[in-house]
Each structure stands twice: as C-alpha cells, then as structure tokens.
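Report on one structure; see the data block that follows.
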Amino acid sequence: WTTWRCVSDVVLAVTPLQTLARRLIPIADRVLVKKVVAKTQTAGGVFLPDANVPKMNEAEVVAVGPGALDVDGKKIPLEVAVGDKVLLPEYGATMVKLEDEEYHLLRGGDILGKFSD
C-alpha cells in the first residue's frame, strides 16, 4: 500500500518500508534515496561472501525536494519522482542513518540516470 503526503511543496509517497525516511524532507534540489541491496546468492544457489558481493549504484527515490531556484526566482523542477529507480555516482552522496536504515542524500543534478520499467 502507498500513502501520499504533501508537506509544503514536497510530495512524499510513504510505504511501510519508507516510513522512517518521511521524517527527513530534502530542501531545494536534493533527493533522498535508499540504495538497492545486492543479491548475496547466485542463480545456482551459491551464497557469496561479503567481499564478493558487487557494489550497487542503483537506488530508489524516497523523497524529493521542491527544486532549485533560477536567477529569476522560478523553481526548476527535478527530473525524478518518488519511487523512481535511479543510477547514482560511485561517490558524492551524504549517508544519513535513520533508525538503523541507511539513506543517501544528494543533489538532483548528481543523479546519473533513471531506469525505465
């Protein structure tokens, strides 16, 4: 199930997994994401040790700020929305820990791409 919440100019889609992240609302052109966890088991059923698990740069957008302002004071909307799967750069995001869950906060312009379904 999904609940939609509007706080100021920010729209959050809140699912049971994401209820912790709704306490943090990004400002300006920032985006809060939760990284996708890499599979630790191969298709053949072999479990991989932590050292061999590939590093994932894929994440799901949890919250989106209202957007940056241009020189005329108009809002520049972000190209991502809550629930989008995105490709992150290897470095550059700020890690935020909310009740034992790891999230990453970064600028919308730092997101490399968006996966289509």
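The values are calculated or read from the model by the stated rules, or taken from the named source; none is laboratory data. None of the values given here were measured: they were computed from a predicted structure. Neighbour counts are summed over all protein chains in view; Cβ atoms, including those assigned to glycine, are modelled from backbone coordinates with ideal geometry.
Condition first: surrounded by 14 or more Cβ atoms within 10 Å (Cβ to Cβ) and among the charged types (D, E, K, R). Now tell me which residues in the range 80-94 satisfy that. Passing the criteria: 84, 85.
With respect to (1) of a type outside the set (S, T, N, Q); (2) without any contact (Cβ under 8 Å) to a residue 40 or more places away in the chain; (3) surrounded by 13 or more Cβ atoms within 10 Å (Cβ to Cβ); (4) closer than 18 Å to residue 23 by Cα, the lone exception for residue 97 is condition (3).
Among the residues here, residue 65 qualifies as surrounded by 13 or more Cβ atoms within 10 Å (Cβ to Cβ) and not charged (D, E, K, R).
Taking the numbered list (1) within 20 Å of residue 103 (Cα to Cα); (2) of a type in the set (S, T, N, Q); (3) at pLDDT below 75 in turn, residue 57 passes all entries but (3). Taken across the range 41-54, residues that are at pLDDT 90 or above and not in a strand (DSSP E or B) do not occur at all.
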